Amino acid sequence: MYPHKDIEKKWQEFWKNNQTFRTDDSDNKEKRYILDMFPYPSADGLHVGHPEGYTATDIYSRYLRMKGYNVLHPMGWDAFGLPAENFAIKKGIHPQETTQASIANFRRQIQSLGFSYDWDREIDTSSPEYYKWTQWLFLELYKKGLAYKAKAPVNWCEHCQTVLANEQVINGTCERCKNPVIQKLLEQWFFKVTEYADELISGLDNLDWPESIKTTQRNWIGKSDGATITFSIKNTSVEIPVFTTRPDTLFGVSALMLAPEHPALTEFNIKNRDEVNAYIETSKHKTNLERTFLSKEKTGVCLDDIKAINPANSQEIPVFVADYVLGSYGTGAVMSVPAHDQRDWEFAKKYNLPIVDVVMPTVTDQTNPPREDKQIKIRNVVHAIVYDPRNKKYLTLRGKPFNWNTVVIGGIEEGETALEAALRELKEETGYIDVKYIKTLGGPIQAHFFAKHKDENRIANTTGIYFELASDERVPVSEEEQAKNDVLWTDEKDFTTKEMVNSELPFWLERMHSTNDAYSGEGILINSEEFDGTTTKEASSAITQKVNGKITSTYRLRDWLVSRQRYWGAPIPIIYCETCGTVPVPEIDLPVLLPTDVDFRPTGESPLVRSKTFHDVKCPQCDSPARRESDTMDTFVCSSWYYLRYVSPHNNDSAFDQSEAKSWLPVDICVGGAEHAVLHLMYARFITKALKDMGYVQFDEPFIKLRNQGMILGEDGEKMSKSRGNVINPDIIINEYGADTFRLYEMFMGPLGDAKPWNTQSIAGSQRFLDKVWSLYQTALESNIPEKETNSESLKNIHKAIKKITADIETMSFNTAISTMMICVNALQKEQTAGHTLGRDTLESFTKLLSPFAPHIAEELWEILGNKEGISFTPWPAFDETLIRDEMITIAVQINGKTRTQLSVSHDLSEEEIQTLAFGDTNVKKWIEGRETQKVIYIPARLLNIVTK
RNA sequence: GCCGCGGUGGCGGAACUGGUAUACGCACAGGACUUAAAAUCCUGGGCUCGUAAGAGAUUGAGGGUUCGAUUCCCUCCCGCGGCACCA
């Protein structure tokens, strides 16, 4: 076994002493910026998941250096934040101290893995040198109007004693402590992310990011396209704008619904004011969770004597206050269309509002489509679906002339309702008279088909009615009807799958079993005056235009709440003066230092209020007594710009050197966890876009390419957690197996982005591989190593490996790159065992291939081969395609697509020669004997497929 | 409910543009070395039948296109992630 401990210690010291990985900005080689999402240094130390991403970027960085690029590959610490503060409170130690201890431990662990970071560029977001510029960023946003203070309902976590951004609330609970979040009306600082909503969506299209992250961001921003339509209130000057995605359903509006927070509610002279106020008061005390997830039934109160006017048809409609309408979304007011929105339907049923169908779904019969040369006849029709619960069968008819299966169909006569028509037809066609009405299956459906029995095209506006058979009581059926149809009872299975002629049937089945009563799909308009007959799409814009509505979009995204009532963060650089108001701290006074002498325990009020020296200041403008903003910033503000700081981490004059930023950024590839999809990754994009608009940078996306490392699960396949006891400590693994084995194993586990379970037993495989490499070199060195490789097998294998590994590193397919190295070593070892002494060129090439993955052992082997300089900047090996080609190739011979034999032939054989060989083969003869060969397909160098009759 | 990703041996996984499915590794079995074990090296099967040669099945299920499908199309099932009273 190779001595990993000595080797790893030796080379880590070598890299450090030689400053091997210090990045020189002035080096004019082509630049590449390879970035890790920097860690939050927790007291628990490194998790095995951290090195997965770090190893990936390290392999890529080392590879690029050997390819001749100038590589920026830095590391730092996202050091402010709540967990550090909570840990410090628990231990009774200042967070400054605990954080520095955690950083030291993280640094030690990361360095023990031999990553090629430029440690001169290490950053710490909790240091004044860094957060001075976080404060500068805040002030820049403030100047641009992108940072503002507003009183608004905000998320408050009682347990953490602070407000939270929307992005930090998961299903109504706090991201950190999982306790429910409540709404509070507070004055807080926000960043105007919503201003960039459209850019944040459209920018995604050009990014090489995992599709899942892009989708998550799109969902989070939640753009809805629709229209804003204004409803006026009768006998008042009040106008209520309403946002809807379905302006086409305007003629189906039954009521106007207002959120309890709607400001117009105070302007009305309502008869039942007390009742309305009581309702508003009740809903105010509900949490968002109660109003959404937990609510079982829609509630609301009608505003007596108040009528809204439907702008489409001037109809007077009632106005309700209802808490299923959210004040924070759209305009806080909704037009209620019960027939086509499930929530409105439920509300309408409860409060007895009219349900008017205005959209009719259409269906074209695929087996009997309309014929162009035939007349069209329009009919109103009813379908009676009759179910016999005792025998679990459906009533159907078999039409004699065409032998088709159908439900009971009837035309609706003048002056007759659909229900009357259904009962009449049932009696006439089947004789059944004792049926129980269950429900009408939604509004009508329009079916287009060719009616064979009448030789005409039909447009049938069909209403479906669902009955249950109450008894077998029947009246006689006329002979005329008997001649037309047989009455059959059909099994449920046949009824739903057999070929019934009724193309409406899928709609009926869906409505019979679904809890969705409203039809929210597309179709053509009915009950909509001049728009009748137009499609929903056409009607959307036409109706919007008619009522002077505006095409608008609404977003789910809210502005980013950045204030925190906690201690361990960057102070917000604002001063409040009685005369001047809100005054930004002048840049020259930055940083606003976080005082170290405060009791930082959380009380719900910012701890900084308790520091008199911090809190009581003089106004920078008029010198009169003033107070400092006592909230700190969300830590995600610190991490939203860290990639910029790395280009000039020691610059005291600016956040980042603009010309350095221009030459290094945007980041070529960023690797990190998927959990930051709508947090860090969206905030960083926003900040970059804002900085671009301010002229500080020339690009509007920070990370061109993004890859997520998948989660490493415990050996039990579950997420690693202390409570489950399945956590793997990297220190122990590194100590036992060495950093190179650890790196190699994590990369060999599977594709970088996949979640995969840890398996300590499997590490042995990676270790065995390195031992095998070690002994390969030891054996080679026992002989006199020739400078040039002469063995064709060795040449072929090493050149194949160079080709494949190079391609795999480019696509970050490290698992297959490692398997290629294993194949190569196995092959080289075989040659060696057979008595061949490997050439220096072969050994050096392999060492280089190995070096990004297992850099310590590679450096040692490189030195053993007699090289004086380190391996890190030696040129990456090239491959020779002519050496890779196999002299003998294997051709699979298939008969009708099944492989029956294999032919080993020289690579330059022609198709004819191969065919001759194949047809001469005894195995092949056996299979094609007595059969006529239809055709022969030849795929060069792969297979020959003989197709027989 | 909507959107996205995925489902391949006992396990992690591989397979280019539709061309010999299961590379590589783990585990397992047999053998060599050893007094013995560990380590190492060699060999092997992978599901069913068969002593074997071999045959058949097989990439979540079912169907389709094709000479040929893990790969393309349709329907469905399961798992993971996101959004969700969002008008």
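So what is the relative contact order of chain A, in percent, for Cα pairs below 8 Å that sit 6 or more residues apart?
Normalised by residue count, the contact order of chain A is 14 percent.
Using the 2.2 N^0.38 Å rule of thumb for compact globular proteins, work out how the range A:291-394 stacks up: its C-alpha Rg over that value, please.
Its radius of gyration relative to the 2.2 N^0.38 Å reference: 1.61.
With θ set to phi - 60°, apply the Karplus curve 6.51 cos²θ - 1.76 cosθ + 1.60 along the range A:351-363 and write out the HN-Hα couplings as whole Hz, x wherever there is a Gly or Pro.
9, 6, 8, x, 10, 10, 6, 10, 10, 10, x, 10, 9
Express in Å², to the nearest 10, the accessible area of A:S26 obtained by rolling a 1.4 Å probe over the protein heavy atoms while all chains stay in place.
Surface open to solvent at A:S26 totals about 90 Å².
Please work out whether the range A:601-683 counts as rounded, prolate or oblate from its C-alpha gyration tensor, where a ≥ b ≥ c are the square roots of the eigenvalues and a/c under 1.5 means rounded, while otherwise a/b larger than b/c means prolate and anything else oblate?
Because a/c hits 1.5 or more and a/b fails to exceed b/c, the range A:601-683 counts as oblate.
Give me Rg/Rg_expected for the range A:889-935, where Rg uses Cα atoms only and Rg_expected = 2.2 N^0.38 Å with N residues.
1.12
With a cut-off of at most 14 other beta carbons within 10 Å, and DSSP calling the residue loop, which GluC sites (Glu not before Pro) in the range A:827-930 qualify? Please list them.
Hits after loop and neighbour filter: A:E869, A:E887, A:E929.
Using the Cα atoms of the range A:411-562 to build a convex hull, what is its mean projected area in square nanometres?
So the mean shadow area of the Cα hull is 15.3 nm².
Tell me the Rg and the Dmax, in Å, that the Cα atoms of the range A:562-619 produce.
11.7, 32
Treat each spin label as a single point 7 Å out from the Cα along the C-beta direction, and report the A:R885 to A:E810 distance in nm.
My value for the distance between the label points is 2.1 nm.
Going 7 Å from the Cα of A:I459 in the Cα-to-Cβ direction, what parts of the range A:368-393 have a backbone nitrogen less than 20 Å from that spot?
A:368-383
Tell me, Kirkwood radius of the range A:414-483 from alpha-carbon pair distances, in Å?
After inverting the pairwise mean of 1/r, the radius is 14.0 Å.
Give me the percent of accessible area attributable to carbon and sulfur for the range A:180-239, probe 1.4 angstrom.
45
Where does the longest stretch of chain A lie that holds no chymotrypsin sites (Phe, Trp or Tyr not before Pro) found in a DSSP loop with 14 or fewer other Cβ atoms within 10 Å?
Longest site-free region, per DSSP loop and neighbour criteria: A:403-872.
Based on the Kirkwood radius over alpha-carbon pairs, what is the Stokes-Einstein translational diffusion coefficient of the range A:665-807 at 25 °C with 0.890 mPa s viscosity, in µm²/s?
In µm²/s, the coefficient is 126.
Once every DSSP H run of n ≥ 4 in chain A is given -39500 (n - 2.57) and the sum is divided by its residues, what mean residue ellipticity at 222 nm do you get, rounded to the nearest 500 deg cm²/dmol?
-10000 deg cm²/dmol
In Å, what Rg and Dmax follow from the Cα atoms of the range A:12-159?
So, for the range A:12-159, Rg and Dmax equal 18.7, 57 Å respectively.
On a full-extension model of 0.36 nm per residue, what is the gain between A:K925 and A:Y148, subtracting their alpha-carbon distance, rounded to one decimal in nm?
Taking A:K925 through A:Y148 to full extension adds about 271.3 nm, to one decimal.
Ordering A:T948, A:T245 by accessible area with a probe of 1.4 Å, largest first, what comes out?
Final ranking, largest accessible area leading: A:T245, A:T948.
Limiting things to C-alpha atoms, what are the Rg and the maximum Cα-Cα separation (Dmax) for the range A:215-353, in angstroms?
14.8, 48
If I compute solvent accessible area with a 1.4 Å probe over the protein chains, what percent of it on the range A:2-70 is carbon and sulfur?
Result for the range A:2-70: 42 percent of the exposed heavy-atom area is carbon or sulfur.
The range A:256-284 to the range A:681-751: how many Å between their Cα centroids?
Answer, in whole Å: 50.
Of the GluC sites (Glu not before Pro) in the range A:410-499, which ones lie in a loop per DSSP and count no more than 13 other C-beta atoms within 10 Å?
In loop regions of the range A:410-499 (DSSP not H, G, I, E or B), the sparsely surrounded GluC sites (Glu not before Pro) are A:E413, A:E414, A:E473, A:E499.
Which GluC sites (Glu not before Pro) in the range A:195-260 sit in a loop by DSSP (not H, G, I, E or B) and have at most 15 other Cβ atoms within 10 Å of their own Cβ?
Within the range A:195-260, no GluC sites (Glu not before Pro) qualify (loop, at most 15 other Cβ atoms within 10 Å).
Out of the DSSP beta bridges found with both residues in chain A, what percent are antiparallel (nearest 5)?
Around 75 percent antiparallel, to the nearest 5.
Could you work out how far apart the two model spin labels at A:A278 and A:C177 are, taking each label as a point 7 Å from the Cα in the direction of the beta carbon, and quote it in nm?
Here the answer is 3.6 nm between the modelled labels.
What ³J(HN,Hα) values, in whole Hz, does the Karplus curve 6.51 cos²θ - 1.76 cosθ + 1.60 give for the range A:860-875 when θ = phi - 60°, with x put for Gly and Pro?
Listing the rounded values in order: 5, 5, 4, 5, 4, 6, x, 7, 8, 8, x, 8, 4, 10, 6, x Hz.
Near A:T760, within a Cβ-to-Cβ distance under 15 Å, what is the net charge of the other residues, with Lys and Arg +1 and Asp and Glu -1?
-3
Let me see the P(r) profile for the range A:140-182: every Cα-Cα distance counted, bins of 5 Å, each bin given as a percent of all pairs.
All Cα pairs, binned at 5 Å, distribute as 5, 24, 25, 14, 14, 11, 7, 1 percent.
Under a Cβ-Cβ cut-off of 10 Å, what is the net charge of the residues other than A:I575 that fall near it, where Lys and Arg count +1 and Asp and Glu count -1?
Combined, the nearby Lys, Arg, Asp and Glu give +1.
Full extension from A:E932 to A:R724: what is 0.36 nm times the residue separation minus their Cα-Cα distance, to one decimal in nm?
Difference between extended and current length: 68.3 nm.
In vacuum, with every alpha carbon of the range A:379-421 counted as one equal point scatterer, what does the Debye formula give for log10 I(q)/I(0) at q = 0.18, 0.23, 0.30 Å⁻¹? Two decimals, please.
-0.64, -0.85, -0.98
Can you tell me the equivalent ellipsoid semi-axes for the range A:179-241? Use √(5λ) from the Cα gyration tensor, largest first, whole Å.
So the equivalent ellipsoid measures 33, 21, 12 Å along its semi-axes.
Rounded to the nearest 0.05, what FRET efficiency is calculated for A:E267 and A:E290 with R0 set to 30 Å and r the Cβ-Cβ distance?
0.65
R0 = 45 Å: FRET efficiency of A:K692 with A:Q545, Cβ-based, nearest 0.05?
The pair A:K692/A:Q545 has a calculated efficiency of 0.75.
Could you give the nm distance between label points at A:E529 and A:N403, where each point is 7 Å from its Cα heading toward the beta carbon?
Between A:E529 and A:N403, the simple spin-label model gives 5.4 nm.
Take the Cα gyration tensor of the range A:63-123, multiply each eigenvalue by 5, square-root it, and list the three semi-axes largest first, rounded to whole angstrom.
32, 11, 8
Based on the Cα atoms of chain A, what semi-axes does the equivalent ellipsoid have, where each is the square root of 5 times one gyration tensor eigenvalue, given in whole Å with the largest first?
So the three semi-axes of chain A are 62, 50, 23 Å.
Taking Cα centroids, how far is the range A:776-829 from the range A:193-216 in Å?
Using only Cα atoms to place each centre, the spacing works out to 42 Å.
To the nearest 0.05, how large is the calculated FRET efficiency for A:E122 and A:D623 if R₀ is 30 Å and r is the Cβ-Cβ distance?
For R0 = 30 Å, the calculated efficiency reads 0.15.
Based only on Cα atoms, what Rg/Rh ratio does the range A:632-736 have, Rh being taken as Kirkwood's radius?
1.10
The values are calculated or read from the model by the stated rules, or taken from the named source; none is laboratory data. What you see is a predicted model, and the numbers here were worked out from it, not measured in a lab. Glycine also receives a Cβ, built like all others from the backbone with ideal geometry; neighbour counts cover every protein chain displayed. To get the accessible areas, we keep the full protein, side chains included, count just its heavy atoms, and leave off ligands, DNA and RNA. Shrake-Rupley method; radii C 1.70, N 1.55, O 1.52, S 1.80 Å.
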